[in-house]
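Only one structure is covered here, and it is reproduced in the block below.
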Amino acid sequence: MLCCREAINMMWNQPRGGHIFNIDGAGSDGRPTPRFAAYGATKRSVVHLTKSLQAELQMNEVNNVVVHNLSPGMVTTDLLMSGATTKQAKFFINILAETPDVVADYLVPNIREIPTNQSMKPTYIRFLTGLKAYSRIFSRIAFGARRNKYVAED
């Protein structure tokens with residue numbers, strides 16, 4: 001929040017303005033995050049902060065600064081892997097998670113494209129879409145895809 005404030009103040013005074021990208025995560029959709037309550041709560045607030053900042057910028061007729069949301073999905077971080085303690089968690093990590101480099105290979109070009117297309121509209125860039133998640137779950141159930149990809153499910 002403080003970083004957004006400072007970035008907005010700095011960008012507002014620049015002729016070409018700027019773009020701020022906030023990153024959400026588990027809990028941002030309002031679903032519970034057992035064992036990671038504080039993490040989930042902060043990620044839920046990121047979505048609200050982004051929407052509120054967008055509204056405030058619009059209300060104040062600031063047209064050269066835009067706040068966006070990024071949703072990387074499940075990324076194989078130490079935090080995520082520390083939660084791989086149940087059969088269900090292992091199942092979903094193997095199906096839905098990706099390594100940071102795979103997620104970055106998708107997100108970074110999408111981020112870089114925004115200033116070049118001269119768009120000053122807020123965007124929500126999602127790596128793990130609902131369609132992608134359902135497709136992976138189906139592939140797993142139908143064909144056994146991604147079994148034991150990151151953690152042993154035995």
Quiz item: Within the range 101-109, can one find any residue that is open to solvent by less than 50 Å² (accessible area, probe 1.4 Å), of a type in the set (D, E, K, R) and at pLDDT 95 or above?
Solution: no
Quiz item: Among Thr85, Thr123, which is the only one that is open to solvent by 40 Å² or more (accessible area, probe 1.4 Å), without any contact (Cβ under 8 Å) to a residue 40 or more places away in the chain and either at negative phi or under 13 Å from the mean Cα position of the chain (by Cα) (or both)?
Solution: Thr85
Quiz item: Checking Glu153 against (1) open to solvent by 40 Å² or more (accessible area, probe 1.4 Å); (2) acidic (Asp, Glu); (3) touching a residue at least 12 places away in the same chain (Cβ under 8 Å), which single condition isn't satisfied?
Solution: (1)
Quiz item: Mind checking which residues of the range 19-56 are in contact with a strand residue (DSSP E or B) (Cβ under 6 Å, 6 or more places away or on another chain) and either farther than 23 Å from Val103 by Cβ or acidic (Asp, Glu) (or both)?
Solution: Asp24, Leu53, Gln54
Quiz item: Limited to the range 4-45, what total is found for residues that are under 21 Å from Leu80 (Cβ atoms), within 15 Å of the chain's Cα centre (by Cα) and surrounded by 11 or more Cβ atoms within 10 Å (Cβ to Cβ)?
Solution: 16
Quiz prompt | Extreme residue, farthest from Leu79 (Cα to Cα), among residues of the range 17-37 that are of a type outside the set (A, V, I, L, M) and at pLDDT 85 or above | solution = Gly17
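The values are calculated or read from the model by the stated rules, or taken from the named source; none is laboratory data. Only a predicted model underlies this, so the values are computations on that prediction, with no experimental measurement involved. For neighbour counting, all protein chains shown are included, and Cβ atoms are generated from backbone atoms with ideal geometry for every residue, glycine included. The protein model used for the area step is the full one, side chains on, heavy atoms only, and it has no ligands, DNA or RNA in it. Shrake-Rupley method; radii C 1.70, N 1.55, O 1.52, S 1.80 Å.
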